[in-house]
């Protein structure tokens, strides 16, 4: 399972209780791997039949900070390194909003 390119999505969903739209809408700017935390601030969903960011989670209680366990931090570090290696433009900050899970690699 860990070799599945969507494993970080499954791991975050299973270990944090995040909704799939929250996981798919997660930006690297919302993740602090050194502090082992992430902030849920938006979600990815369908708005007017188009895939789009909703700048707020489903409910007001959805905006929250989640602590991450050491294994999830390790998996996310490895995932970010693989993204950077696969896409130098992402690493240089050319992507407007670098997402933890990106389209084109099986992720939303």
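Structure data summary
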read-out: Residues of region 1-16 that turn out to be surrounded by fewer than 16 Cβ atoms within 10 Å (Cβ to Cβ) and touching a residue at least 12 places away in the same chain (Cβ under 8 Å), as a count; value: 5
read-out: Inter-residue pairs, beta-carbon under 9 Å, first closer than 11 Å to residue 16 by Cβ and in region 54-74, second at pLDDT below 95 and exposed (fewer than 12 other Cβ atoms within 10 Å of the Cβ), 6+ apart; value: 66/17
read-out: Residues of region 6-50 that turn out to be under 19 Å from residue 97 (Cβ atoms), within 11 Å of the chain's Cα centre (by Cα) and not in a loop (DSSP other than H, G, I, E, B), as a count; value: 18
read-out: Conditions (1) modelled with pLDDT under 95; (2) in a loop (DSSP other than H, G, I, E, B); number of the one not met by residue 80; value: (2)
read-out: Region 18-41, subset surrounded by fewer than 15 Cβ atoms within 10 Å (Cβ to Cβ) and in contact with a strand residue (DSSP E or B) (Cβ under 8 Å, 6 or more places away or on another chain), residue nearest to residue 66 (Cα to Cα); value: 37
read-out: In region 42-73, the residues that are modelled with pLDDT under 70, touching a strand residue (DSSP E or B) at 6+ places or on another chain (Cβ under 9 Å) and closer than 21 Å to residue 15 by Cα; value: 57, 58
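The values are calculated or read from the model by the stated rules, or taken from the named source; none is laboratory data. Everything numeric in this text was worked out from a predicted model, so none of it was measured. Methodologically, a virtual Cβ is constructed for each residue, glycine included, from the backbone with ideal geometry; neighbour enumeration extends over all protein chains shown.
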